[in-house]
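Single-structure report; data block below.
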Amino acid sequence: MFEDFLNALQNFRRNKTRTVLSLLGIIIGVASVIVIMSMGQSSTMQIQNTFGSSGLDMVSIGSGFMRRGVAAVTIEFNESFREDLFGNISGIKKIWYKNSLSGTVAYGDASASASCTAVESGYIEACGLKVEQGRSFDVTDDAMGTQKIILGSEVASSLFPNGDGVGKYITLVADKVPFNFEVIGIFAEQNSGMESTASGCYVTRGFYAKKIAPNPNASTVMVQAVSSDKATDLATALETYCKNLTGTEGSVRVMSMQTMIDQVSQITNTLSMMLSGIATISLLVGGIGIMNIMIVTVTERKQEIGIRKALGASPNTIRQQFLVESASITLMGGIAGIILGIAISIAVEYVRSQDIVISFKSCFIAFIFSVFVGVFFGLSPASRAAKLDPVVALSGE
């Protein structure tokens, strides 16, 4: 077989133009599959980086949007509801309550609009939010309802351009009522799942429930799954439970960042697979071209086939010779296509300023498929050569 491979290379060298034209379909097909799959994986990674890697185990439950003509059935997010969730749904690690409000924060002559979130102790750490300066809330802050606040990076820059905000006292105006808070921390700039801290600020829910809006009910329930890969199943279970509890759809709105990422990734993968399927058509077209070239090659080399058969070569030997030659074309085309595909993928992802991701799985699959195409489409010409009568072959021009 190695001798057949060397003979094939010699034949390719004698017919360079024909060989290059035969390779084009295979090269383009393999390169296209690699580029499409690599771009799909790169896009998926960019989506994950945009949302951040923290907080993906969180599922939020908020008030839903009721359809017209349907009686509103609401769920009160109180302590009883928290106990019911723990008692009826598995896979829950922790449950946090939070409330949101908009307001204005001011320090001296500087002020900034901010979305304020009242959270329970431990929620900030669970979401992976990083406090760059100062510290986060502790259990005492929440239980005592202390007037302490953590600012987002953009809000802190507006109020304290010199970066000396920790320890200062600011005023938060919510619903036209001013509240004084001590700044105990400033968030770092980051992407963290379902929380965006840059233009916001955080206070303890203990203070919110006592002073800002004396109401024990939360506006949003954050449920933490035992792991991020269980978040999608947990979101489905929570939605089903709330639907059964109220008897109506849309009474609550259940959201999971992991579910959103999974859905977008599924769409991206589906599109990549569809486009890859279209790209493989060029491999099939290239295979048909190889079959035509091999038929011409068999016709041109009838005398060579006749001589080999006259010297005792078996039909299997002749068939193997031309199969190796056909597979060698696609072998070289596959290697060239992989190199071209990787180069194009790197160039495209560099231009798009994305992380460079090479789908080595697609490289392997495209390479194996290209060799299979060579063997499959070379089988008919090889069998035709093996069946030639030596006398007829020797008498041919």
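Residue-wise test of (1) within 30 Å of S326 (Cα to Cα); (2) touching a residue at least 40 places away in the same chain (Cβ under 8 Å).
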{"residue": "T240", "(1), (2)": "no, no"}
{"residue": "L245", "(1), (2)": "no, yes"}
{"residue": "I261", "(1), (2)": "no, yes"}
{"residue": "S282", "(1), (2)": "yes, yes"}
Checked P214, P178 against criteria (without any contact (Cβ under 8 Å) to a residue 24 or more places away in the chain and part of a strand (DSSP E or B)); the one match is P178
Counting only strands (runs of 3 or more DSSP E) wholly inside segment 92-154, the ones holding at least 3 residues that are open to solvent by less than 30 Å² (accessible area, probe 1.4 Å) are 92-107, 110-119, 148-151
When segment 4-51 is checked residue by residue, the ones that are modelled with pLDDT under 70 and either closer than 17 Å to V348 by Cα or under 12 Å from the mean Cα position of the chain (by Cα) (or both) are I47, Q48, N49, T50, F51
Counting only residues in segment 296-314 that are out of contact with any Lys or Arg (no Cβ under 7 Å at 6 or more places or on another chain), in a helix (DSSP H, G or I) and of a type in the set (A, V, I, L, M, F, W, C), the one farthest from V375 (Cα to Cα) is identified as A310
Considering segment 71-83, residues that are open to solvent by 70 Å² or more (accessible area, probe 1.4 Å) and outside any loop (DSSP other than H, G, I, E, B), and then whichever is modelled with the lowest pLDDT, we arrive at E79
(1) over 29 Å from T17 (Cα atoms); (2) open to solvent by less than 60 Å² (accessible area, probe 1.4 Å); (3) part of a helix (DSSP H, G or I) all hold for V373 apart from (1)
* Residue check: is G306 crowded, with 19+ Cβ neighbours inside 10 Å, more than 13 Å from A31 (Cβ to Cβ), of a type outside the set (F, W, Y) and at pLDDT below 80? -> yes
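Matching residues to (1) surrounded by 14 or more Cβ atoms within 10 Å (Cβ to Cβ); (2) in a helix (DSSP H, G or I); (3) not basic (K, R):
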{"residue": "A218", "(1), (2), (3)": "yes, no, yes"}
{"residue": "V223", "(1), (2), (3)": "yes, no, yes"}
{"residue": "K230", "(1), (2), (3)": "yes, yes, no"}
{"residue": "L234", "(1), (2), (3)": "yes, yes, yes"}
{"residue": "N244", "(1), (2), (3)": "no, yes, yes"}
{"residue": "I261", "(1), (2), (3)": "yes, yes, yes"}
{"residue": "N269", "(1), (2), (3)": "yes, yes, yes"}
{"residue": "I281", "(1), (2), (3)": "no, yes, yes"}
The residue that is modelled with the highest pLDDT, considering only those in segment 376-397 that are open to solvent by 70 Å² or more (accessible area, probe 1.4 Å) and part of a loop (DSSP other than H, G, I, E, B), is K387
Within segment 316-338, restricting to residues that are in contact with a helix residue (DSSP H, G or I) (Cβ under 7 Å, 6 or more places away or on another chain) and among the β-branched types (V, I, T), the one that is farthest from I26 (Cα to Cα) is I318
- [ ] Kindly indicate whether F86 is at pLDDT 90 or above, of a type in the set (F, W, Y) and part of a helix (DSSP H, G or I).
- [x] yes
The condition of being crowded, with 16+ Cβ neighbours inside 10 Å and among the aromatic types (F, W, Y) holds, among Y169, Y208, only for Y208
Going through segment 220-234 in order, the residues found to be at pLDDT 90 or above and among the small types (G, A, S) are A225
Residue pairs within 6 Å by beta carbon, gap of at least six or interchain, first lying in segment 334-349 and at pLDDT below 90, second open to solvent by 70 Å² or more (accessible area, probe 1.4 Å), listed first then second, are I346/I356; E349/I356
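The values are calculated or read from the model by the stated rules, or taken from the named source; none is laboratory data. It should be emphasised that the depicted structure is a prediction, and the values quoted were computed from it without experimental measurement. Positions of Cβ are backbone-derived with ideal geometry, glycine not excepted, and every protein chain shown enters the neighbour counts. The protein model used for the area step is the full one, side chains on, heavy atoms only, and it has no ligands, DNA or RNA in it. Shrake-Rupley method; radii C 1.70, N 1.55, O 1.52, S 1.80 Å.
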